[in-house]
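I have placed the structure first, in the form of structure tokens, so that the comments after it can refer back to it.
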Amino acid sequence: MPKRPHVDRHRHLAWLLALACVLLGWAMVMPTAGSAPRQALVMTLNGSIGPATSDYFRRGLERAETQDMALVVLRLNTPGGLDASMRDMIQAMLASSVPVVVYVAPSGARAASAGTYLLYASHVAAMAPATHLGSATPVQIGGGLLPGGAPESAPSGSDDGKDGNDAGQSDAKATDSESSKRRGDTAMQRKVLEDAVATIRSLAQRHGRNADWAERAVRDAVNLTAREALDKNVIDVVARDVPELLERIDGQQVVMADGTRTLDTAGLATVAFDPDWRTELLSVISDPNVAYFLMILGFYGLVFELLSPGALVPGVVGGICLLLALFAFQVLPINYAGLGLVLLGLALIVGEALMPSFGVLGIGGIVAFVAGSVILMDDRNLAVSLPLIGGVALVASGFMLWVALRFLRLRRRRPKTGQDELVGARAVALHDFTGAGHVRLFGERWRARCRSPVRAGQTLRVVAVDGLTVEVEPAATEPPDTASSISGESP
């Protein structure tokens, strides 16, 4: 009992010491957390928009959201790109919890075609001086316009020799021609064009930008410089570099998925997120033609390795090519029915080489291969080149034809083993005999029968085999080297 106050005193001191440590630690952590710099992620997109750039952009947005960054700046310089990849980027941008600034830079850069859509979809649209945007008319890979037909001839500026009615008719024709270009000549062209117009107008209305000019950019492929775009309310700001851009947009209100937000970009530290090896690799192999060719090389490489075990080179090259093709296919809109037909066609072509079927497997394989190649990609802008399909099919047909001719040539050759090999072979008489005797055939001593007298060393020809006895007759001509026949070599 006398020691109890002493124990209580020590316990109180321990609690006070623990509380002091907690308060000291909290005081040390709070200034550190408050002094952590706010950051803006700066990405660079330079070149055509495709699956590789779409993957790069989405990964950048994920990094910005994970690290709780205040802003994403996309430095853009593009001539356009694929519609599917552009729409993936737009969807990711609109759903992002981090504001995205699309900044057309440096000076001399452009945001043409798909780049114009990305600029309209951004929360903040910015351009550097001496840049431009526009030409947003959808086009087909290969250069053909989707919404219009052949180029229109410009109307003549002279009306000499024509009355007012002729001039009016000429103007009406010009107007009709212009309307045909703006609306499309076929149902498919109109569908593609109107879909593009609706897309860009909806983006413009979402962010309060000039929707009428956006429609003109799609229908008439018009362009604007940076200063003109700012004057026409197409973009929000013109800035020479990223630091100036961050200063100019500070305090600006943007429309996010969860409502309106006011930007606080003053003093933001920038963190660069440049394209890495994955993006560079994808940009090369995600081309449908490259991925398609890699798949063909990979398949045939593995087949040749299985047919010739130990060759190593076909197996190694084929395995690498096939894995690269599969890596590319994960970002491409693959039609799995088309992929199955391609693989089935290749398997049937190889089957024709291993198990001749008088062309049934080969022809079926070529048909399946070509049909699968045509429908391999779901997106019409990503279709495999028809000349490439035709070239590969032609090579496969040539291979199949070579195999068929090879088998026909083998069928015409004399057998190399068994009794069938002996018929027609040359033999040499070992002694004189009439009726029955012995001959040397393929280095062996055989019993022989002949209807005519035979002298020693005479060259004979085997006409039939009866068990271990051969039927012979005198050869039409003597061989040039009797010694070789005696040794058992057949000419």
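A short reminder: the numbers here are calculations on the coordinates, not readings from a lab. Computed from a predicted structure; not experimentally measured. Glycine also receives a Cβ, built like all others from the backbone with ideal geometry; neighbour counts cover every protein chain displayed.
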- Query: Hey, rough spin-label estimate for ALA311 and LEU281, points 7 angstrom out along Cα→Cβ, what's it come to in nanometres?
  - Reply: 2.6 nm
- Taking placed amide H atoms and a strict 5 Å upper bound, the residues 5 or more places from THR225 or on another chain that come that close are none
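Once you have the Cα-Cα distance between ARG409 and ARG59, take 0.36 nm times their residue separation minus that, and quote the gain in nm to one decimal.
Value of the extension gain: 120.1 nm.
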- Amide H of GLN252: which non-local residues (sequence gap of 5 or more, or other chain) have their own amide H closer than 5 Å, using H built in the peptide plane? LEU263
- Counting sequence-distant residues (5 or more places) and residues on other chains, those with an amide H built under 5 Å from that of ARG461 are ALA427, GLU473, ALA475
- Got a sec? How would MET93, MET256 order by Cβ neighbour count within 10 Å, fewest to most? MET256, MET93
- Query: ASP241: net charge of surrounding residues, Cβ under 13 Å, Lys/Arg +1, Asp/Glu -1, itself excluded?
  - Reply: +1
- Message: Given Cβ point charges of +1 (Lys, Arg) and -1 (Asp, Glu) and nothing else, what value in debye, to the nearest 20, does the dipole of the stretch 333-413 about its Cα centre take?
- Response: 640 debye
- Query: Where in the stretch 321-348 is the amide nitrogen less than 18 Å from a point lying 7 Å along the Cα-to-Cβ axis of VAL290?
  - Reply: 321-334
- Message: Run the simple label-point estimate for ARG449 and ASN233 please: 7 Å along Cα→C-beta, distance reported in nm.
- Response: 11.3 nm
- Task: Apply the Karplus parameterisation 6.51 cos²θ - 1.76 cosθ + 1.60, with θ equal to phi minus 60°, to every residue of the stretch 329-334 and state each ³J(HN,Hα) to the nearest whole Hz, in sequence, with x for glycine and proline.
- Result: 5, 5, 10, 9, x, 7
- Item | Karplus (6.51, -1.76, 1.60) ³J(HN,Hα), θ = phi - 60°, over the stretch 289-300, in Hz, Gly and Pro reported as x | 5, 5, 4, 5, 5, 4, 5, 5, 4, x, 5, 5
- the stretch 54-112 and the stretch 249-265 have their Cα centres apart by a whole-number Å value of 17 Å
- Note on the structure: By Cβ neighbour count within 10 Å, fewest first, LEU401, LEU343, LEU376, LEU263 rank LEU401, LEU343, LEU263, LEU376
- Query: If you find the alpha carbon centre of the stretch 276-350 and of the stretch 186-247, how far apart are they in angstrom?
  - Reply: 40 Å
- Sort VAL72, VAL360, VAL290 so the one with the fewest other Cβ atoms within 10 Å of its own Cβ comes first. VAL360, VAL290, VAL72
- Calculated from backbone phi, Karplus (6.51, -1.76, 1.60) coupling profile of the stretch 311-326 in Hz, x at Gly/Pro: 5, 6, 4, x, x, 5, 5, x, x, 5, 5, 5, 5, 5, 5, 5
- If unit charges are put on Cβ atoms (+1 for Lys and Arg, -1 for Asp and Glu) and the dipole of the stretch 197-279 is taken about its Cα centre, the option from TRP277, ALA214, THR265 lying farthest towards the positive end turns out to be ALA214
- Note on the structure: Shape descriptor, the stretch 216-336: equivalent ellipsoid semi-axes (Cα gyration tensor, sqrt 5λ, whole Å, largest first) stand at 50, 19, 14
